Amino acid sequence: MSYLLRHLHNAFHVDQAIKNEGERVTIIRFGCDSDTTCMEMDEVLMKVAEKIRKFAVIYLVDIKEVPDFNVMYELYDPCTVMFFFRNKHIMVDLGTGNNNKINWALKDKEEFIAIVETVYRGAKKGRGLVVSPKDYSTKFMY
C-alpha cells in the first residue's frame with residue numbers, strides 16, 4: 001500500500017515537509033517499504049489519509065534511501081511514525097515510555113485517527129507533549 005502514499009526521497013525534501021507545513025500535522029513514517037510491520041502501518045495510513053487530510057499530511061521515508069535522520073531520531077526499529085507541527089517535533093505519551101515516536105504498527109484506523117486528532121489539538125495549543133487517548137503499555141494490551 002505504500003505506493004499510494006507520498007514518498008520523500010532525500011533529506012532536503014524531508015526537512016521541507018516538516019518546515020513548510022503551517023496548519024497541518026506532518027506525519028512521517030520512517031522505515032522500509034518491504035518490511036511487514038511497515039506494510040501493516042502503511043495500510044492503516046492509506047485508509048486514514050483521506051479522512052485526516054484537512055488537519056494532517058502523511059509522508060513515507062525509506063531509512064535505507066535517506067539515512068540522514070537515523071541517528072538524530074534514533075530510527076532503529078523497522079517502522080517508526082513521528083509527528084511534527086510547524087517545524088516542531090510533537091511527542092505523544094502512549095504509556096510505553098518512549099514519547100518520541102510510535103514504533104509498532106497500529107492495526108485499528110480509528111485509534112490512529114484519535115491519536116492524530118489529539119496531536120493536532122495539543123499542537124495548536126502550543127504543547128510539545130500530548131497524552132494519547134489510549135494507554136498502550138503492555139499491561140493493558142494483553
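How much length, in nm to one decimal, is gained on full extension between residue 4 and residue 49, taken as 0.36 nm per residue of separation minus their Cα-Cα distance? Mind dumping the intermediate values first?
Working: separation 45, 0.36 × 45 = 16.20 nm, distance 0.99 nm.
Gain in length upon complete extension: 15.2 nm.
Report D for the chain in µm² per second (integer): Stokes-Einstein, Kirkwood Rh on Cα pairs, 10 °C, 1.306 mPa s.
On the way: Rh = 15.0 Å.
The estimated diffusion coefficient comes to 106 µm²/s.
Let me check against my output: what whole-number percent is the relative contact order of the stretch 2-141, with C-alpha pairs under 8 Å and at least 6 apart? Please list the in-between numbers first.
On the way: 244 pairs, mean separation 39.9, N = 140.
Relative contact order of the stretch 2-141: 29 percent.
For a quick check of your reading of the filter: which GluC sites (Glu not before Pro) in the stretch 3-61 sit in a DSSP loop and have no more than 12 other Cβ atoms within 10 Å? It would help to have the intermediate numbers written out before the result.
Values: sites: 21, 23, 40, 43, 50; in loops: 21, 23, 50.
Within the stretch 3-61, the qualifying GluC sites (Glu not before Pro) (loop, at most 12 other Cβ atoms within 10 Å) are 23, 50.
Apply the Karplus parameterisation 6.51 cos²θ - 1.76 cosθ + 1.60, with θ equal to phi minus 60°, to every residue of the stretch 92-102 and state each ³J(HN,Hα) to the nearest whole Hz, in sequence, with x for glycine and proline.
Result, rounded to whole Hz: 10, 7, 9, x, 9, x, 9, 8, 7, 7, 9.
Please list, in order along the stretch 113-128, the HN-Hα scalar couplings obtained from phi with the Karplus expression 6.51 cos²θ - 1.76 cosθ + 1.60 (θ = phi - 60°), rounded to whole Hz, x for Gly and Pro.
4, 5, 5, 5, 4, 5, 4, 4, 4, x, 5, 4, 8, x, 7, x
In nm, give the distance between the simple-model label positions of residue 71 and residue 131, each being 7 Å from the Cα along the Cα-to-Cβ direction.
3.7 nm
Given 19/101; 54/88; 47/88, which pairs have Cα atoms separated by over 28 Å? Let's see the in-between values first.
Details: 19/101 18 Å; 54/88 19 Å; 47/88 26 Å.
Pairs exceeding 28 Å: none.
List the residues whose amide H sits under 5 Å from the amide H of residue 51, counting only those 5 or more places along or on another chain, with H placed 1.01 Å from N in the peptide plane.
For residue 51, no residues qualify.
A short reminder: the numbers here are calculations on the coordinates, not readings from a lab. For clarity, every value in this text was computed on a predicted model and none was experimentally measured. Every residue, glycine among them, receives a Cβ derived from its backbone with ideal geometry; neighbour counts consider all protein chains shown.
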